[in-house]
């Protein structure tokens with residue numbers, strides 16, 4: 001069985017930057033806290049915890065050391081709460097997310113109403129909503145055109161969760177057009193995310209089965225799995241090599257491997273080795 005690894009897979013710049021900042025913070029007395037998981041990868045979060053970088057839910061739970069703002073960013077109110085703790089604050093927000101936050105605030109000022117294309121409840125989306133609201137805008141969250149409310153103004157701003165798919169954005173824009181709503185769009189989908197999605201779709205169409213590696217709580221990995229499944233029915237989403245089942249690959253001559261932007265290379269290598277040994 002031949003194993004093919006996607007050309008664009010694994011930890012993106014924003015994730016690697018966040019990991020590097022967290023590991024540096026763990027040096028010395030090893031005291032650091034992240035607000036929620038640093039990235040959506042349970043194995044990495046567990047490894048950081050073992051190094052003394054603990055995930056907490058509220059800034060006031062960080063009693064010493066440093067507070068690390070996770071890669072998904074936080075709301076302006078949470079950022080102010082971090083600063084009020086009088087501890088060093090390390091901003092590990094992905095630069096692409098920071099750009100989306102600024103775009104949400106700018107659109108709120110220019111349009112008065114902002115549509116956030118993304119997954120409701122996701123920490124990045126919660127931040128985008130809060131930045132738009134703090135700038136005086138009204139906001140709705142839509143993952144597809146069907147999620148749009150009926151009572152929209154004639155002109156809205158549109159900003160996108162960085163890990164969303166192009167199809168999701170196009171579906172929301174089509175929904176707005178069908179309602180006669182003019183959209184001022186800031187396409188903030190991350191370039192690395194788009195490259196991973198395109199490469200994964202291509203690979204999935206060329207192999208008998210494909211494995212998608214990454215946390216099940218990772219939005220970008222979940223979208224990758226959905227994209228692959230549309231091209232290859234034998235798509236399997238795993239978090240580690242231990243989950244692989246040889247029965248999945250019965251009669252397969254070729255297997256593809258891709259991974260979400262929160263998946264380090266060592267986790268991809270482990271899965272590739274396990275597949276090659278089958």
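Computed from the coordinates by the stated procedures, all read-outs in this text should not be read as laboratory data. Bear in mind the structure is a predicted one, so any value in this text is a computation, not a measurement. Ideal geometry is used to build each Cβ from the backbone, glycine not excepted, and the neighbour counts take in all protein chains shown.
Note down the nm distance, to one decimal, between modelled labels 7 Å out along Cα→Cβ at residue 16 and at residue 226.
Going from the residue 16 label point to the residue 226 one covers 2.8 nm.
Picking from 100, 32, 46, which is most flexible by a Gaussian network model of the chain using Cα springs under 10 Å?
Among 100, 32, 46, the largest mean-square fluctuation in the Gaussian network model of the chain belongs to 46.
Counting just the Cα atoms, what span does segment 13-94 cover along each of its three principal axes? Round to the nearest Å and put the largest first.
29, 26, 18
Whole Å is fine, so just give me how far the alpha carbon centre of segment 60-112 lies from that of segment 230-271.
34 Å
How many angstrom lie between the Cα centre of segment 125-170 and the Cα centre of segment 37-54?
Taking the Cα centre of each part, segment 125-170 and segment 37-54 sit 30 Å apart.
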